[in-house]
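For reference, the structure discussed in these notes is given below.
All of the numbers you see were taken from the coordinates with simple rules; none came from a lab. What you are looking at is a predicted structure, and each value in this text was computed from that prediction instead of being measured. Glycine also receives a Cβ, built like all others from the backbone with ideal geometry; neighbour counts cover every protein chain displayed.
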Amino acid sequence: MEIIERGMDAAFRLPPFSAEDPALWLAQVECACRVAGIADSSVKFDLLVANLPTDVARQVRDVITATPASYTALTSALQARLAQSRAARLSALLRNTQLGDQKPTQLLLRMRSELGEEAQDSALLRTLFLQRLPRAATAALSLLPEDTSLSQLAAAADRYLEATGPHELATVQLTDPTACATAGDVPTLHSTVASLTAAAQ
């Protein structure tokens, strides 16, 4: 009974849920339980269910409501189904999401919405976002500091496209997001670096 009481202590906290790497998160959960002295699988099951976001819990509803409850089955289902769900979202994102007549900031909001919690400022989302911008805009953004956040990059891209005009939307690269601009782009890049830096601050 002591183990259960320690596990349900109000001070006990599991690490924040991460859909981007469920296997790592579950490993952290195991470590947290060991530190708290929780070895009973039924207690671990209850703690895991209580800490799952509702949208994730729905994906493993059948395992959560199954009798008898199984911590092992729940962790296995989470890893398998979240990986499938993430792959499906990425596939849809690659197929359907382009800049079009949106502002870069609007595109980023849409991409974050489609990828969910895992998307915030991940390296993957950064790459996918930059691949959907005009080549010259991507080259201009590469002049900003490496620690510029994705939201700041999107705001800077808005400014760049406003300054250069709608013709820039016609040239979108879907290969290497770090490709250099052509020689004809250089004067434009130099003239907009200052405004891009200001927009990113």
Next on the checklist: Given R₀ = 22 Å, what would the calculated FRET efficiency be for Ala66 paired with Cys31, taking r from the Cβ atoms and rounding to 0.05?
Outcome noted: 0.25
Checklist outcome for this item: In nanometres, the difference between 0.36 nm per residue of separation and the alpha-carbon distance of Arg13 and Ala39 is 7.8 nm
Checklist entry - If amide H atoms are built 1.01 Å from N in the plane of the peptide, which residues on other chains or at least 5 residues away come under 5 Å of the amide H of Leu52? => result none
